[in-house]
Amino acid sequence: MAGMSTHNAPAIVMLGPGSLATAQRIQQWYPQATIHGLEGRVEGADQSYRSFGETLRGLYQQDTPIIALCAAGIVIRSLASLLSEKGTEPPVLAVAEDGSAVVPLLGGLGGVNVMAREIADALGVAAAITTSGELRFGTCLLNPPQGYALADIEQGKRFVSDLLAGEAVRIEGDAPWLQQVQLPASDAARRTIHVGHQARPANRDELLIHPRSVVVGVAGGNLNGIRAALQQAGIAEPSVACVLADEQAMADSALHEAAQALGVALRFAARPGDVASMVAAALPGAELIEQAEVVIAVAPAPVDAAQVGRRRGRLAVIGLGPGAAELMVPAVKAELARAEDILGYETYVRMAGPFRDDQVMHCTDNREEMQRARHAFELAAQGRSVVVVSSGDPGVFAMAAAVLEALHESSDPTWHRVDLEILPGVSASLATAAQAGAPLGHDFCVMSLSDNLKPWSIIEKRLDLAAQADLVLAFYNPISKSRPHQLGVALEVVRRHREGNTPVVLGRDIGRPGQTLKVVTLAELLPEMVDMRTMVLVGSSTTCVFPRLSGGVWAYTPRWYPTAN
Ligand code: SAH
């Protein structure tokens, strides 16, 4: 979908369980789309919702294309309250549950008719296109194909209604796609469709379409410089296909802001000499306009930005949360959808899936953290979009620190230029605490009891001091087969400072199938109740419990703490 517009991946929203087969057929066509189903009613959905109307309105407001598998009327009623607002509109379609009808409803300028045709093709039916201009001329003039941009939409709407009223038209400039359009053409026509990269004043008799055939070459970031250069060269901004910059400036934030302000992709190349030779090498055959710091290249036809230079690689270290899809933050989901390479411990990589055929999984053993981190940088430095997965939060006893350590140790400039981001997740201690109530409601201390990477003596010392300081204690990696006795020793240290009736929360496989939650007392706690998939939360002197009607207890630690006297 690159270039069409910056739309999010579509949401396929089912209302009844009878539409799953249709939803899945549409998802095959849009592999990045998510299927939403009513909670408890539909199996096989990627996401569940409680309120259909709220879900639809939320998606609409986030500019997400909506494919609703239900009656058109239901969709219209659900979105009605939002429709009077002006602004950009995502494509919205109603598709019959059984896939027998595809009705584009909203988002004509966002390409809804194109989507309707694609979906209809996938389902083997005809799309219910109702846009008169499109029916008459066989294309939507206001939604030119990839590689072309409309100068002014209001001007365009007037122009199309003039044509519908019977005006003839003349085409100036080169736009092969317009040859296929059944336009009322005449060499004597007053109305013209002008295709060109020059900046021109808006004219009532003219539909101005810019080919995206211009590449702006720069050494570094300078939006004002770029704009001034375009203006001086008489080139319309929408004609710009991409900005091509020196790869040494890959991490220059002014450069990224400039490309974003222009709404174009940012590409990179090595600059052996001056900017002009960099641009000439990346775009052979283009005409070069050299200005102070900016070199403008005009190609004879639209330029595919993906073919110019290369892009900046990205490395995201993400947290999946404890396991359940609902507890994964949306930014992480989006990152997984854009990933080309996924690295991590096999269990977590599988948990992050399923992945598309074009995505490469690199599963490694849990212990090879530094090696995995370096591998991730090698891939990202080649321009790939790489994700390193951890469970819970990546910064809590997981991959984020290893990735940063690998970067810190490296003197390779290509590693340091990678677009590195850490995306948080719900950590096991927080997910467990939420299910138990609020045991972490006051000051608490988080520790890993594993002595793989630190001496046991420091663990005992910290346990002793934290227990003495009356902090609630959250234990990660509490026990493992290779160190079965250490938890018992740790509990002895804690018991020196805590009463036997102190509540202890044990969360096992929280957010995963077969999860269990237990609240016991410190006196009752035995190492056998705990394994490596368990989170242990030991209360402080103020942590308390009380029965909950649904069974079991609520555990919480109040916000306040008793004063000394
Ligand atoms: N980065 C992870 C923690 C990795 S350490 C996070 O932020 O959650 C691994 C330890 O986390 C396990 O030994 C266990 O103690 C705990 N843990 C991870 N996932 C868990 C889950 N779903 N339920 C209970 N404990 C979990």
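Per-structure values
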{"read-out": "Amide H contacts under 5 Å for residue 185, placed H, 5+ residues apart", "value": "169"}
{"read-out": "Cut-off 19 Å (backbone N to label point 7 Å along Cα→Cβ of residue 452), residues of region 342-361", "value": "343-352"}
{"read-out": "Global geometry of region 11-130, whether rounded, prolate or oblate, following the gyration tensor of its Cα atoms and the 1.5 cut on a/c", "value": "oblate"}
{"read-out": "Separation of the residue 435 and residue 495 label points, Cα + 7 Å toward Cβ, nm", "value": "2.7"}
{"read-out": "Tilt relative to the chain, helix 369-381 - C-alpha long axis, 0 to 90 degrees, to 10", "value": "10"}
{"read-out": "Relative exposure of 540, 186, judged by other C-beta atoms within 10 Å (fewest first)", "value": "186, 540"}
{"read-out": "Proximal lysine pairs, the chain, alpha carbons under 26 Å, eight or more residues apart or interchain", "value": "4"}
{"read-out": "Residue-count net charge about residue 335 - beta-carbon cut-off 15 Å; Lys, Arg +1, Asp, Glu -1", "value": "0"}
{"read-out": "Pairwise label distance in nanometres, residue 401 with residue 468, each label 7 Å out on the Cα-Cβ vector", "value": "2.3"}
{"read-out": "Region 135-242: trypsin sites (Lys or Arg not before Pro) in DSSP loop, at most 15 other beta carbons within 10 Å", "value": "190, 204"}
{"read-out": "q = 0.07, 0.12 Å⁻¹, the chain: log10 I(q)/I(0) [Debye, one scatterer per Cα]", "value": "-0.58, -1.23"}
{"read-out": "Farthest positive-ward along the chain dipole, Cα basis, beta-carbon charges - from 260, 102, 13", "value": "13"}
{"read-out": "Share, in percent, of DSSP beta bridges within region 417-565 that are antiparallel, nearest 5", "value": "75"}
{"read-out": "Chain lengthening between residue 98 and residue 172 when straightened (0.36 nm per residue, less Cα-Cα)", "value": "22.1 nm"}
{"read-out": "Low-density loop cleavage sites - GluC sites (Glu not before Pro) in region 287-387, where at most 15 other Cβ are within 10 Å (DSSP)", "value": "293, 368"}
{"read-out": "Antiparallel DSSP beta bridges within the chain, percent to nearest 5", "value": "40"}
{"read-out": "Percent antiparallel among DSSP beta bridges (both partners in region 11-130, rounded to 5)", "value": "20"}
{"read-out": "Three-way shape call for region 144-229 based on the alpha-carbon gyration tensor, with the a/c threshold at 1.5", "value": "prolate"}
{"read-out": "Karplus-derived 3J(HN,Hα), 6.51/-1.76/1.60, for each residue of region 61-73, Hz, glycine and proline x", "value": "5, 8, 6, 8, x, 10, 10, 9, 8, 6, 5, 4, x"}
{"read-out": "Qualifying GluC sites (Glu not before Pro) in region 1-104, DSSP loop, other Cβ atoms within 10 Å at most 13", "value": "39, 43, 85"}
{"read-out": "Dipole in debye (nearest 20) - the chain, about Cα centre, beta carbon charges: Lys, Arg +1; Asp, Glu -1", "value": "1000"}
{"read-out": "Principal-axis tilt of helix 399-409 within the chain, Cα atoms, nearest 10 degrees", "value": "70"}
{"read-out": "Ranking of 240, 520 by count of other Cβ atoms within 10 Å, fewest first", "value": "520, 240"}
{"read-out": "Whole-Hz couplings from phi, Karplus 6.51/-1.76/1.60, listed for region 434-441; x for Gly and Pro", "value": "4, 6, 7, x, 8, x, 9, x"}
{"read-out": "Least to most buried among 475, 355 (fewest other Cβ within 10 Å first)", "value": "355, 475"}
{"read-out": "J(HN,Hα) series, region 253-263, from Karplus relation 6.51 cos²θ - 1.76 cosθ + 1.60, nearest Hz, glycine and proline x", "value": "6, 4, 5, 5, 5, 4, 5, 5, 4, 7, x"}
{"read-out": "Expected 222 nm ellipticity per residue - DSSP helices of 4 or more, -39500 (n - 2.57), all of the chain, to 500", "value": "-8500 deg cm²/dmol"}
{"read-out": "Computed lengthening from residue 179 to residue 261, 0.36 nm per intervening residue step minus Cα-Cα distance", "value": "26.2 nm"}
{"read-out": "Cα gyration tensor shape for region 314-426, rounded if a/c is under 1.5, else prolate or oblate", "value": "prolate"}
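Throughout, read-outs are computed from the coordinates displayed, never taken from laboratory work. These figures come from a predicted structure and were not determined experimentally. A quick note on method: Cβ atoms are made from the backbone with ideal geometry, for glycine too, and the neighbour counts reach across all protein chains shown.
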